[in-house]
1. Per residue, how many Å² of accessible area does segment 29-129 show with a 1.4 Å probe?
2. Please label the shape of segment 1-86 as rounded, prolate or oblate, based on the square roots a ≥ b ≥ c of the eigenvalues of the alpha-carbon gyration tensor (a/c under 1.5 means rounded; beyond that, a/b larger than b/c means prolate, else oblate).
3. Could you please state, rounded to a whole Å, how far the C-alpha centre of segment 48-62 is from the C-alpha centre of segment 4-35?
4. Ignoring ligands, DNA and RNA, how do R20, R91, R113 rank by accessible area with a 1.4 Å probe, largest first?
5. Out of the GluC sites (Glu not before Pro) in segment 43-98, which ones are loop residues according to DSSP with at most 14 other C-beta atoms within 10 Å?
Amino acid sequence: MASEPAQSTVYFDGSCPLCRAEIGYYGRTDQAGALCFVDVSKTDAEAPEGLTRQQAMARFHVRAADGRLLSGAAAFVEVWRRLPRWRWAARVASLPGALTVLELGYRLFLPIRPFLSRGLGRLAPREAAARPQRPGT
């Protein structure tokens, strides 16, 4: 039996502050290096095969270690499956009907993402300015 390749590739919209914050969290949580992150908002980034850059930025995509291209809730479940602290969520998502409910929630979230992202984008500079600077930084 062939072993699973080491990484799943996460394609994300780095121009979205909300997306950057979430991917930053996943990156800090990924102690084993199970995930590779590709910011598809960068002009030199390659979108997943079969998708335009705009399509890749419009929804969350993950190329699973086995080669499948996953989108939306299924992509999040793949990320959770690869992170030890989040495997419980992947197991919950495998319950009958759970992925359908998660995908519905994701589709309801997509239209409000730009508004949330703008709000977070305005809030982030204020938070950074309010943080005390440490000597040497």
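1. Numbers: 6230 Å² over 101 residues.
Solvent-accessible surface per residue comes out at 62 Å².
2. oblate
3. 15 Å
4. On the way: R20 120, R91 150, R113 40 Å².
These residues rank, largest area first, as R91, R20, R113.
5. In loop regions of segment 43-98 (DSSP not H, G, I, E or B), the sparsely surrounded GluC sites (Glu not before Pro) are E46, E49.
The values are calculated or read from the model by the stated rules, or taken from the named source; none is laboratory data. Keep in mind the model is a prediction, meaning the values are calculated, not measured. Cβ sites come from the backbone with ideal geometry, for glycine too, and all protein chains shown count toward neighbours. Ligands, DNA and RNA are excluded from the accessible area calculation, which covers all protein heavy atoms including side chains. Shrake-Rupley method; radii C 1.70, N 1.55, O 1.52, S 1.80 Å.
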